[in-house]
Amino acid sequence: MENLSVLTHLDYTLMIVAIGAALLGTVSGALGTYAVLRRQSLLGDAISHAALPGIAIAFLLTGSKTPLILVLGAAIAGWLGTLLILSIVRLTRIKYDSALAIVLSTFFGFGLVLHTLIQRTGNANQAGLDTFLFGQAATILERDVLTIGLLGGVALIIMLVFWKELKLLVFDEGFAASIGFPTRALDILLTSLLVIAIVLGLQAVGAVLMSAMLVAPAVAARQWTNRLRLMVFLAACFGAFAGVIGTIISSTASRIPTGPTIVLCATVVVGISIAFAPNRGLVWERIRHQRNRRSLKTATDRLLK
Amino acid sequence: MQPSEPKAIEVTDLTVAYQDKPVLWDIDLDVPPGVLLSIVGPNGAGKTTLIKAILGLVRPAAGNVLIYDKPYDAQRRIVGYVPQRGSVDWDFPTNVLDVVMMGRYGALGWVRRPGKKEHELAMQALEKVGMEAYTTRQISQLSGGQQQRVFLARALVQDATVYLMDEPFQGVDATTERAIVTLLQEFRANGKTVVVVHHDLQTVTDYFDWVMLLNIRRIASGPVDETFTPDNLRETYGGRIAFMK
C-alpha cells in the first residue's frame, strides 16, 4: 500500500519529468542504434563531454538559461569537438581513439573551468548549470519537454526519411559512394542527429553518462532481433523505459542524480538482454551447446556399439 | 588498337599516394569492351586501390579515368561494384534479400524505397547465384562463399555494363567458385566488361581473357596468352614465386 500511495502521488511535475525522460530516451535509443552499428559508441561520449563548455559559453554570452539557447551552445560545442576529432585523424598520424580522448578531456576540462568561474561570479541566475554534469531530471520544466519533443521529433523524422540512405551508409559505405550517394554529407547528417540526441539529454542525464543512453538501449535491442527496423524500435522503447523508471526513482528519492539512476536502469535491461534473449542470449547459447553435445554423444555411442 | 575503337575503361597517368607514399604510380590501362580482365600482383601492389580509384572512391594525386569516354560520375548507372567481402560487418541486422536490394538504391535515388519491382529483380539475381533458398536468412548466418554470392547478386541487380570486383574468389568454396565463373562467362557472352582483382595465379588462364600485372607500376596488360608470361610475372613478383609449367 505504501508503494501505491507513491504512485498516486505522480503529480504534475513528476509527469512532466517522466514525459521528458521518455522522449529523450526514445530519441537517444533510436539514434544510438546507428552509433553502435557503426562502432562509434565512444563518439557519443566525446560529443557529450565536448558539449559542456558550450553550455557555459552560451550562458555567459546571453545570461539566459532558456533551454533552446543552452542546447544550441551545447550542440555547437559538441559539433566542434567532433569536427576536431575527425580533422586530427585526417591531418595527423594520431589514431582515432587517441584523438577522441584528447578532445574529450580538453573540452570537458575547459567546461569545468568555465562552470567554476560562473559559480564564483555569484550570478543569482547561475543556479542549475551544474546539473549538466550528472543530470537532474527534477529540473525539467514544460518548456524543456517542448524543446526535447520538437528537436527530437525532427531528428527522428529525418532518420525515417533517409532510412534507406543511412542504412546503406552504415552497412557498406564504399558501395554507397560507388552508386553516387554523398557519403561525407550523410556522415555529417548522421553525426548531427547524434549531436541533437545527446544535447537534448544533457539536462536530465548529464554530460558524464549521456553516452550510455545512446549505447545501452541499442546493445540490448540487438540481442532480441536481427532486423534493423525492429532494433531501432526496441532501442527506442528500452531508452524510454530506462528514462522513465530512472527519473521516477531519482525524483522520489531525494538528491539522487538522475543520470546515474537512468543508466543503472538501462544497465539492468542490457544485463537481462545479454543473459536471456533468444538466440543471442548466454543462457540460450548454453542450452543449445549442451543439447548439441548430448546429441553428439548419443550419436557416437551408437556408432561405437 | 585503332584510336576510334571505344574503350570500356581508360586509365591514364594515374598516381595515387597515401600521405607521401605512392601506392599507384603512373598507371595506364585500356580495357576494351567485352573482356574479362584480371588484375594480379603481390600484396600491397595497389590492386584494390586501382579499383577504388576507377570508382572515384580514392582521390588520385594525378591522372584520369574514363568509362566509355566519360568520367565516372556521368557513368555510374552502368558500373557495378563488388567490394571485398571483408569490408563490411556481416553481423549487421539485416537479411539476404535486403542486401541484394541495395543494388537498386542507386537507380531508386533519394528517399524512394524498394518495392515490388526491386523485390522481383533481387529474387531473380539470387536464383542466378543459387541463393534463392536463403532470402530471409540473417546475413551473419551465411558462410563466406554464400556472403560472396549475396554480394554478386547485389551487383547483378545493378544491371551494369562494366563490373569491378574486388577479390570475389577470396576464400570461397567450390560451389561459389563455379557460380562466379559461370556468371563471368555469361557477362562476357552479353558483351559486358569485367575487371576482377584476383590472387590465384593458377586460374588466370582458365577464367580470364585479359590480365594486368600490377606492382605499384603497371608491369604489363593485354590478352592473357601474350601478357601472362614468366618474364612479366617475375618482374611483378620480384622472383618471389615458383613457376609451374
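Each residue of the stretch B:46-56 was assigned a 3J(HN,Hα) from its phi angle through the Karplus curve 6.51 cos²θ - 1.76 cosθ + 1.60 (θ = phi - 60°); the sequence is x, 4, 4, 4, 4, 4, 5, 5, 4, 7, x Hz, with glycine and proline shown as x.
Compared with the dominant Cα axis of chain B, that is its longest principal axis, helix B:144-157 is turned about 90°.
How long is the gain from A:THR267 to A:TRP284 if the chain were fully straight, where each residue apart is worth 0.36 nm and the alpha carbon distance is subtracted?
Working: separation 17, 0.36 × 17 = 6.12 nm, distance 1.98 nm.
Stretched out fully, the A:THR267 to A:TRP284 stretch lengthens by 4.1 nm.
Projecting the Cα positions of B:VAL197, A:LEU296, A:LEU14 onto the charge dipole of the protein assembly as shown (unit charges on Cβ atoms of Lys, Arg, Asp and Glu, taken about the Cα centre) puts A:LEU296 furthest along the positive direction. Consider a paramagnetic label point 7 Å from the Cα of A:TRP163 along Cα→Cβ; state which residues of the stretch A:192-231 have an amide N under 11 Å from it. The answer is A:228-230. Legend: calculated FRET efficiency, A:TYR12 to A:LEU117, from the Cβ-Cβ distance at R0 = 25 Å, rounded to 0.05, equals 0.10. So how far apart, in nm, are the two label points at B:ASP231 and B:ASP200 if each is 7 Å from Cα heading toward Cβ? Output for this residue pair reads 3.0 nm. Would you calculate, for the protein assembly as shown, the mean residue ellipticity at 222 nm contributed by helices, counting each DSSP H stretch of 4 or more residues as -39,500 (n - 2.57) and dividing by all residues, to the nearest 500? The helix-only estimate for the protein assembly as shown comes to -19500 deg cm²/dmol at 222 nm. Taking Cα centre as origin and charging only the Cβ of basic (Lys, Arg, +1) and acidic (Asp, Glu, -1) residues, the dipole magnitude of the stretch A:2-304 rounds to 1280 debye.
Can you find, among B:PRO168, B:PHE151, B:ALA107, the residue sitting farthest towards the positive end of the charge dipole of the stretch B:94-171, where Lys and Arg contribute +1 and Asp and Glu -1 at Cβ? Of the options given, the answer is B:ALA107.
Using the average count of surrounding beta-carbon atoms within 10 Å as a protection proxy, the listed peptides A:44-52, B:79-87 rank, highest first, as A:44-52, B:79-87. Screening chain A for whole DSSP H helices of 15 Å or more along their axis (Cα) with average Kyte-Doolittle hydropathy at least 0.5 returns A:12-37, A:41-62, A:67-91, A:96-120, A:142-161, A:183-205, A:210-224, A:228-252, A:258-276.
Here the dipole of the protein assembly as shown is about 1300 debye; that uses its Cα centre as origin and unit charges on the Cβ of Lys and Arg (positive) and Asp and Glu (negative). Would you mind checking which residues have amide H under 5 Å from A:ARG227's amide H? H placed 1.01 Å from N; only 5 or more apart, or other chain. Answer set, sorted by chain and number: none. Note on A:ARG227 and A:VAL154: with the Förster distance fixed at 30 Å, the Cβ-Cβ geometry gives a FRET efficiency of about 0.75. A convex hull fitted around the alpha carbon atoms of the stretch A:2-304 yields 180 Å³ per residue.
Test of understanding: what is the full-extension gain from B:ASP26 to B:ARG113, defined as 0.36 nm times their sequence separation minus their Cα-Cα distance? Before the final figure, lay out the partial values.
Values: separation 87, 0.36 × 87 = 31.32 nm, distance 4.17 nm.
Result for the pair: 27.2 nm of gain on full extension.
Close amide H contacts of B:GLY63 (hydrogens built in the peptide plane, cut-off under 5 Å, sequence separation of 5 or more or a different chain): B:THR15.
Kindly state, to the nearest 0.05, the FRET efficiency for A:THR62 paired with B:ARG59, given R0 = 45 Å and r defined as their beta-carbon distance. Don't skip to the end; give the middle numbers.
Values: r = 42 Å, r/R0 = 0.93.
About 0.60, to the nearest 0.05.
Gain in length, B:THR175 to B:ASP159, computed as 0.36 nm per residue apart minus the alpha-carbon separation, to one decimal in nm? Full extension of this stretch gives 3.4 nm more. Annotation for B:ALA17 and B:ASP91: the two label points, set 7 Å from Cα along the Cα-Cβ direction, are 3.9 nm apart. I'd like the distance separating the alpha-carbon centroids of the stretch B:27-45 and the stretch B:120-182, in whole Å. Cα centroid of the stretch B:27-45 versus Cα centroid of the stretch B:120-182: 22 Å apart. Looking at the protein assembly as shown alone, DSSP beta bridges between its own residues are antiparallel in about 55 percent of cases. A simple spin-label model places the labels of B:ASP69 and A:ILE94 5.1 nm from each other, with each point 7 Å out along Cα-to-Cβ. The angle separating the long axis of helix B:174-189 from the principal Cα axis of greatest extent in chain B is about 80 degrees.
What pairs in A:LYS164/B:LYS52; A:LYS167/B:LYS7; A:LYS95/A:LYS167; B:LYS7/B:LYS116; A:LYS167/B:LYS21 have C-alpha atoms more than 30 Å from each other? Mind dumping the intermediate values first?
Working: A:LYS164/B:LYS52 23 Å; A:LYS167/B:LYS7 35 Å; A:LYS95/A:LYS167 26 Å; B:LYS7/B:LYS116 36 Å; A:LYS167/B:LYS21 34 Å.
Beyond 30 Å between Cα atoms: A:LYS167/B:LYS7; B:LYS7/B:LYS116; A:LYS167/B:LYS21.
Positive end of the charge dipole of the stretch A:68-164 (Lys, Arg +1 and Asp, Glu -1 on Cβ, about the Cα centre): tell me which of A:ILE140, A:ALA99, A:TRP163 has its Cα farthest that way. Looking along the dipole axis, the top candidate is A:ALA99.
Close amide H pairs (under 5 Å, H built 1.01 Å from N) link B:GLN84 with B:ASP166, residues at least 5 positions away or on another chain.
When the scattering of the protein assembly as shown is computed by the Debye formula from its Cα atoms alone, each counted once and equally, what is log10 I(q)/I(0) at q = 0.13 Å⁻¹? With one equal scatterer per Cα and no solvent, log10 I(q)/I(0) is -1.23.
All of the numbers you see were taken from the coordinates with simple rules; none came from a lab. Quick caveat: nothing in here was measured; it's all calculated off a predicted structure. All Cβ positions, glycine included, derive from the backbone under ideal geometry; neighbour counts span all protein chains shown.
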